[in-house]
Amino acid sequence: MELLETINLQKTVQNGDTQENILKGIQLSFQKGKITALIGASGSGKSTFLTILAGLQSVSSGEVLLEGNSLVAMSAEQLRKLRAKEFGYVFQYAHLVPFLTVEEQLHLMLDIAASPLSKQERKQEVHDVLGMIDMLHRQHAYPSILSGGEKQRVAIARAVIHKPKLLFADEPTASLDSKRSMDIMELILKLTKKNDITTLMVTHDEDMLRYADRVIKMNDGKITEDRTV
Amino acid sequence: MNLAWKEMKKSKLRFSILASIVFLISLLTFIIAGLANGLADDNASLIKKLPDGTFYLADDADQTYNLSAIDKRKENDILAETGDAAAFSVQMGFVFDKDEKQQSVAFVTSTNSDYFEQVDPGEVVLDVSLKEEGVEIGDELTNQFNEKLTVAGFADHQKFSHAPVAFLNKADYQAIYGTDKQQMILVPDEDAKDIAGLDAVSKDELLQSLASYKAEQMTLDMIVWFLIIISGMLFAIFFYMMNVQKIGMYGILKAMGLKTAVLLRMIWTEMLLLSGSAIILAAACAMIFGTAAPDGMPFALDSIMLIWLALIFLVVGFIGSTVSAIQIKKVEPLQAIQQGDV
């Protein structure tokens, strides 16, 4: 069974008097542990597609199945639980909680995901993940004093510390320079492969495609290219 | 994780500013309420200190105590029927002290009763405020008809119409005002029966019928309630402004799967900690103000009134913060993500 599957996915929005078809019958499936890059021009529908898969937006018609379970049929509370336990998110900006230290950001995510780890195990897990992202020396720092790259590293650690099934990354390197972008992608690769996390990533940056197992190109709400790298 | 406490610890300045505003408004309200209560005491502590019950006035007086003159037969009937009833009269007047200084007083006389000071003929018992004016026990005062009255003692906090009360013997009162009829009869029973020819009013109704008392209290009560309403609006506005700035963060946390209830709990905890500490501090300062206020300032803030006002403030704060909590409930994670970094 595929981890994630979409069946004839359609998204229509009302724009004034006209109806706009953002997604026009997307039919895709995603395998466990792979990194898929979604590319395409602005307005092609890739971010809408990503946020629908991430349970952040409803569909107009069609189906999204996670391990055979329909996201479309889920209640808001079921979707919230799914997002907390099974999904991780990285956005263009880190969106860290400004009043929490680096280690508290990770503890918060474990709280949200209702992690079964004991207090001591949580401490150890946070310590290990901070070590992996080379941020142990900044564990007590607040986001306001971190650089853009450091913030994004913490955001990635936060997105995977609860070992989700899926990581959704919407242009995670867009606000970073090329050197830092490479570092961030290396980190995503390292963390997701270690925990067998399936990653869906929207990007505009051609250089980032080298980290993907699969590249899907979208244009005007349709899939125009789907290739394995 | 206690998000409220962590945020307050990190954003000390922002929360301190908000707390200081709540503190100042609460303190101002407590002080105005204390002054209102103090003025009420100053205006009518003689009546306020009497037990709750039914006050009878002659019905042709139209509930104006100084126009009331109760028929002697009716007075005797009521006093005979109700053992602890008391008939009494109040008239404004003045006395000259030993230094020939004129002192305004409210002359009060009553039938034999524990509710009023009982005075021998030729003597007077004064409110303690006149002691502060230099009057002493044994001093000889002169009333407006040049009759001598010897000060036999002082009564604690007995005022009427902002003047100290001077308790007189019935005979002396009769000599001054030329009547043996009493103005009012108090029966310490709120459900006392109606009596033909007499108006029955409660203690509150009697207080409200006193000239100036109602107008004075209404004005002060209005100021207190305005302050409560203004503070409620300020609470709502400040919490709203603060939370609007954090909408993006709330959206991201909701996207990550944080329960809305956790965010609401965070806001309410912040409100409770912030306003609770500010109100307790303001209450303490108001109490200190009460003890340090000059003797001439009528200030009376009792703990029950303080607790009520504090509770009202907490409820108002809760409503104010809930207005912004509604915003949080409405926030869409996707909208927050698209807004950019927080």
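Could you check the stretch A:164-194 and list, in sequence order, the residues that are among the basic types (Lys, Arg) and within 14 Å of another protein chain (Cβ to nearest Cβ)? Reasoning before the result, please.
Residues of the stretch A:164-194 that are among the basic types (Lys, Arg), as a first pass: A:165, A:179-180, A:190, A:193-194.
Scanning the stretch A:164-194 gives a single hit, A:Lys165.
Pairing residues of the stretch A:93-104 that are of a type in the set (Phe, Trp, Tyr) with residues that are not in a loop (DSSP other than H, G, I, E, B), at Cβ distances under 7 Å and at least 6 apart in sequence or on separate chains, gives A:Phe99/B:Lys6; A:Phe99/B:Glu7; A:Phe99/B:Lys10. When you check B:Phe154 against the structure, is it in the same structural domain as B:Val95 (by TED's automatic domain parsing), within 16 Å of B:Tyr115 (Cβ to Cβ) and not small (Gly, Ala, Ser), yes or no? The answer is no for B:Phe154.
If I ask for residues that are part of a loop (DSSP other than H, G, I, E, B) and surrounded by 22 or more Cβ atoms within 10 Å (Cβ to Cβ), which ones from the stretch A:100-113 would you list?
Initially, the stretch A:100-113 is screened for residues part of a loop (DSSP other than H, G, I, E, B), giving A:100-101, A:113.
Result: A:Ala113, single match.
Scanning the stretch A:67-99 for residues that are at the interface with chain B (Cβ under 7 Å from one of its Cβ atoms) and surrounded by 18 or more Cβ atoms within 10 Å (Cβ to Cβ) returns A:Arg80, A:Arg83, A:Ala84, A:Tyr89, A:Phe91, A:Tyr93, A:Ala94, A:His95, A:Val97, A:Phe99. When A:Glu86, A:Glu104, A:Glu77, A:Glu67 are checked against the criterion of being among the charged types (D, E, K, R), farther than 30 Å from B:Lys12 by Cα and over 19 Å from the mean Cα position of the chain (by Cα), a single residue qualifies: A:Glu77.
Within the bounds of the stretch A:48-66, is there any residue that is under 17 Å from A:Met208 (Cβ atoms), surrounded by 18 or more Cβ atoms within 10 Å (Cβ to Cβ) and of a type in the set (S, T, N, Q)?
Taking the stretch A:48-66 first, the residues under 17 Å from A:Met208 (Cβ atoms) are A:50.
Within this subset, residues satisfying the condition of being surrounded by 18 or more Cβ atoms within 10 Å (Cβ to Cβ) are A:50.
Right, trim to of a type in the set (S, T, N, Q) and you get none.
Within the stretch A:48-66, none of the residues are under 17 Å from A:Met208 (Cβ atoms), surrounded by 18 or more Cβ atoms within 10 Å (Cβ to Cβ) and of a type in the set (S, T, N, Q).
Scan the stretch B:278-296 for residues that are surrounded by 14 or more Cβ atoms within 10 Å (Cβ to Cβ) and touching a residue at least 60 places away in the same chain (Cβ under 8 Å) and jot them down. Walk me through how you get there before you give the answer.
Start the filter on the stretch B:278-296 by keeping residues that are surrounded by 14 or more Cβ atoms within 10 Å (Cβ to Cβ), which leaves B:278-279, B:281-283, B:285-287, B:289-290, B:293.
If the condition is that a residue be surrounded by 14 or more Cβ atoms within 10 Å (Cβ to Cβ) and touching a residue at least 60 places away in the same chain (Cβ under 8 Å), then B:Ala278, B:Ile279, B:Leu281, B:Ala282, B:Ala283, B:Cys285, B:Ala286, B:Phe289, B:Gly290 are the ones that fit.
Output yes when any residue across the stretch A:100-111 is of a type in the set (A, V, I, L, M), within 14 Å of another protein chain (Cβ to nearest Cβ) and closer than 16 Å to A:Leu166 by Cβ, and no when none is. Yes, that holds for at least one residue.
Pull up the stretch A:44-56, narrow it to residues that are among the polar types (S, T, N, Q) and within 14 Å of A:Leu200 (Cβ to Cβ), then point me to the one that is nearest to the other protein chains (Cβ to nearest Cβ). Spell out how you get there, then give the answer.
At the first step, the residues of the stretch A:44-56 found to be among the polar types (S, T, N, Q) are A:44, A:47-48, A:51.
Among the residues that remain, those that are also within 14 Å of A:Leu200 (Cβ to Cβ) are: A:47-48, A:51.
Details: A:Ser47: 9, A:Thr48: 10, A:Thr51: 6 Å.
Per the criteria, the residue is A:Thr51.
Elements of the type helices (runs of 4 or more DSSP H) sitting completely within the stretch B:235-342 and holding at least 3 residues that are within 12 Å of chain A (Cβ to nearest Cβ): these cover B:247-255, B:260-292, B:333-339.
Any idea which of B:Asp60, B:Asp71, B:Asp77 is in contact with a helix residue (DSSP H, G or I) (Cβ under 9 Å, 6 or more places away or on another chain), surrounded by fewer than 17 Cβ atoms within 10 Å (Cβ to Cβ) and not hydrophobic (A, V, I, L, M, F, W, C)? Show your work before the answer.
On the way: B:Asp71 fails: in contact with a helix residue (DSSP H, G or I) (Cβ under 9 Å, 6 or more places away or on another chain); B:Asp77 fails: in contact with a helix residue (DSSP H, G or I) (Cβ under 9 Å, 6 or more places away or on another chain).
The unique qualifying residue is B:Asp60.
The requirement of being in contact with a Lys or Arg (Cβ under 7 Å, 6 or more places away or on another chain) and either surrounded by fewer than 19 Cβ atoms within 10 Å (Cβ to Cβ) or among the aromatic types (Phe, Trp, Tyr) (or both) is fulfilled somewhere in the stretch A:184-207, by at least one residue.
The values are calculated or read from the model by the stated rules, or taken from the named source; none is laboratory data. Quick caveat: nothing in here was measured; it's all calculated off a predicted structure. Glycine also receives a Cβ, built like all others from the backbone with ideal geometry; neighbour counts cover every protein chain displayed.
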